[in-house]
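Only the coordinates and a few stated rules stand behind these numbers; no lab work does. This structure is a prediction, so every number in the text was calculated from the model and none was measured. Methodologically, a virtual Cβ is constructed for each residue, glycine included, from the backbone with ideal geometry; neighbour enumeration extends over all protein chains shown.
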Amino acid sequence: MTKAKKKTKSADVNEGGNTIQIRLPKRYEEEISKLPKKEQEKWRKRYLEMLYDVGEAIGMVAAHSISEPATQTTLRAYHAEGRVQLVTTKGLPRLIEIFDARKVPSTPSMEIYLDEEHNNKEAAKKIAAEIKETTLEQIMKEDSIDLMEMKVELVVDEEKLKEIDMELEEVAKIIKKNLRNAEVRVEGGNKIILESKKEEVSIRDLQQMRVKARGVQIKGIKGITQVIVEKVGDDWVIRTLGTNLKKVLTMNGVDPTRTRSNHIFEVMKLLGIEAARNLIVEETLRTLREQGVDTDERHVMLVADIMTFSGVVKPIGRYGVAGEKASVLARANFEETIKHLTNAAASGEVDDLKSIFANVIVGNLPPIGTGMFKLGIKEE
Amino acid sequence: MGALSNRNKSLAVVNIKKDIILNHELVPKHEILSEEEAKKLLEELNITKKQLPRIYASDPVAKILGAKPGDIIRITRKSPTAGESIYYRVVVKG
């Protein structure tokens, strides 16, 4: 596994008579340059001391640092139920969801920020109402089938119609678009009549039409079932249940640079693998911090880098990172031992004993720490 | 006339999308390395392209840059710990 170097300004540090050149991260270098000259050297050295040594098993340290506190959070995870807010998955269940790289999170949700012009309560509420999905069923008082005249009668609630700021005619138009084989017309102040275009109409046809009409989306963005407007710091933020980042980002009034969703695969498809990697880090850290766990960011960053190594988000576990290791013995050591060993035997796989697990299994010195190095003799 | 205006419209949509993707907070700066830079990098790190992390050619950002399989992309990330960190990905088919 190759980790890209943290490149920035270089510093010469004298260690045991040899001058070695190291590069310090940009932020660290900035902090150091504020100090008096004499101190600077000392702190550069301090940075070197704090670095992991070559061969240190950092993956194992990361795994421990994340999973030990995560197990402690289980007990606290379910106590947010019943509050007046969006109930999104939190705590251990959310962590498992992230690391398993679920295709769809159990509670997909968006955080919508607004641009300067719309960053106030009224505009936020208006945009929120525009986003929320409204189906015909939600604004309907009743629906019935008239068997005498073979038609479907939909009675719309006028108050609810006012709430979403629409006319009955508009609603009828949308229904017409969605139900191709239906004749749609408005009757009276609040009735929409559906008649089939077919010559011979069966009751079943009408029943189907009625069910279909109920589900027609009248307003909003599909999939967004709940919206809440909140003030976070100086910003008005719309939180949603359900995601559709593609549509929301191009909406008028939305700040497309900050708006995000917690749906990692959606972000990967729309904004690329690097955005997905950043989202994994962000979501994991947020979940951990909410539970009062102060695991170092670096561990989470390492996990996110490994999950996105191949160009798509892969789960940590049987069907992802652990199940695709090159070494047979390392795979067999994890899960499904017999499956991996029999498959390897059948296809004549070779394990070159480069992995840690393989070496532990056969009783060799594993290639970590001082075990990474071999003695060589220079022939003269 | 009709065909032309349609085409302009679709181009405009692509441009909006491009801006949105590249300016989004979650998307760090991507740039394609020149051949010399790529060679120098591989020498410096003493690795082959196969050992680098990958990015698909169909990745939205790689697509905008017009990256082809085999190119190396330099990614300048904003890091909470280091301020700025540099990462490399090699473009693969897909």
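Full extension of the chain between residue A:255 and residue A:47 yields a length gain of 71.0 nm, computed as 0.36 nm times the residue separation minus the alpha carbon distance. 3J(HN,Hα) along the stretch A:166-175, derived from phi through the Karplus expression 6.51 cos²θ - 1.76 cosθ + 1.60 where θ = phi - 60°, amounts to 9, 9, 4, 4, 4, 4, 4, 4, 5, 5 Hz, with x in place of Gly and Pro.
Measure out, as a whole number of angstrom, how far apart the alpha-carbon centroids of the stretch A:325-367 and the stretch A:89-165 sit. Centre-to-centre (Cα) distance: 51 Å. Neighbour counts of other Cβ atoms within 10 Å put A:265, A:99 in the fewest-to-most order A:265, A:99.
Just check the protein assembly as shown against the gyration tensor rule for me: Cα atoms, a ≥ b ≥ c as the square roots of the eigenvalues, rounded for a/c under 1.5, and otherwise prolate or oblate depending on whether a/b exceeds b/c. It comes out prolate by the Cα gyration axes.
Close amide-amide hydrogen proximity is noted between residue A:89 and A:107, each under 5 Å apart and 5 or more residues distant or on a separate chain (H modeled in the peptide plane; Pro and chain starts excluded).
How well do other chains shield peptide A:271-284, expressed as the mean number of their Cβ atoms within 10 Å of each residue Cβ?
Numbers: counts 10, 16, 10, 15, 9, 2, 6, 7, 1, 0, 4, 3, 0, 0.
Counting other chains' Cβ atoms within 10 Å and averaging over A:271-284 gives 6.
Quick check on the exposure proxy: order A:286, A:260 from fewest to most C-beta atoms within 10 angstrom. List each step's numbers first, then the result.
Numbers: A:286 13, A:260 26.
By the 10 Å Cβ count, ascending, the order reads A:286, A:260.
GNM remark for chain A: springs join alpha carbons under 10 Å apart, and the peak mean-square fluctuation among A:54, A:267, A:328 falls on A:54.
So if I average 1/r over every pair of distinct C-alpha atoms in the stretch A:247-380 and take the inverse, what Kirkwood radius in Å does that give? Mind dumping the intermediate values first?
On the way: mean 1/r = 0.0544 Å⁻¹.
About 18.4 Å, per the Kirkwood formula over Cα pairs.
Shown in residue order for the stretch A:293-310 are the 3J(HN,Hα) couplings computed by the Karplus curve 6.51 cos²θ - 1.76 cosθ + 1.60 at θ = phi - 60°: 9, 10, 4, 5, 4, 4, 5, 5, 4, 5, 4, 5, 5, 6, 5, 9, 4, 7 Hz (x for Gly and Pro). Toward the positive end of the charge dipole of the protein assembly as shown, with +1 on the Cβ of Lys and Arg and -1 on the Cβ of Asp and Glu, the farthest Cα among A:66, A:131, A:301 is that of A:301. Using θ = phi - 60° in the Karplus curve 6.51 cos²θ - 1.76 cosθ + 1.60, the 3J(HN,Hα) couplings for the stretch A:318-335 round to 3, 9, x, 4, 6, x, 10, 5, 6, 7, 4, 5, 5, 5, 5, 5, 7, 8 Hz; x is entered for Gly and Pro. The relative contact order of chain A comes to 18 percent, based on Cα pairs under 8 Å that sit 6 or more residues apart. Placing pseudo-labels 7 Å out from each Cα toward the beta carbon at residue A:222 and residue B:49 gives an inter-label distance of 4.0 nm.
Calculate, in nm to one decimal, what residue A:106 and residue A:294 gain on full extension: separation in residues at 0.36 nm each, minus their alpha carbon distance. Intermediate values should be presented prior to the final figure.
Numbers: separation 188, 0.36 × 188 = 67.68 nm, distance 2.49 nm.
Taking residue A:106 through residue A:294 to full extension adds about 65.2 nm, to one decimal.
If you take the square roots of the eigenvalues of the alpha-carbon gyration tensor of the stretch A:325-372 and sort them as a ≥ b ≥ c, do you get rounded (a/c under 1.5), prolate (a/b over b/c) or oblate? Don't jump to the answer; show the numbers that get you there.
Numbers: a/c = 2.76, a/b = 2.04, b/c = 1.35.
Prolate, since a/c reaches 1.5 and a/b exceeds b/c.
Amide H to amide H distances under 5 Å link residue A:254 with A:115, where only residues 5 or more positions off or on other chains count and H is placed in the peptide plane. Peptide B:53-62 has a mean shielding of 6, counted as Cβ atoms of other protein chains within 10 Å of each residue's Cβ.
Pairs of Cα atoms under 8 Å, at least six residues apart: use those to get the relative contact order of the stretch A:254-380, whole percent.
On the way: 100 pairs, mean separation 16.8, N = 127.
This gives 13 percent for the stretch A:254-380.
Other protein chain C-beta atoms within 10 Å of residue C-beta, averaged over A:26-34: 2. Less than 5 angstrom separates the built amide H of residue A:151 from those of A:146, all sequence-distant by 5 or more or on a different chain.
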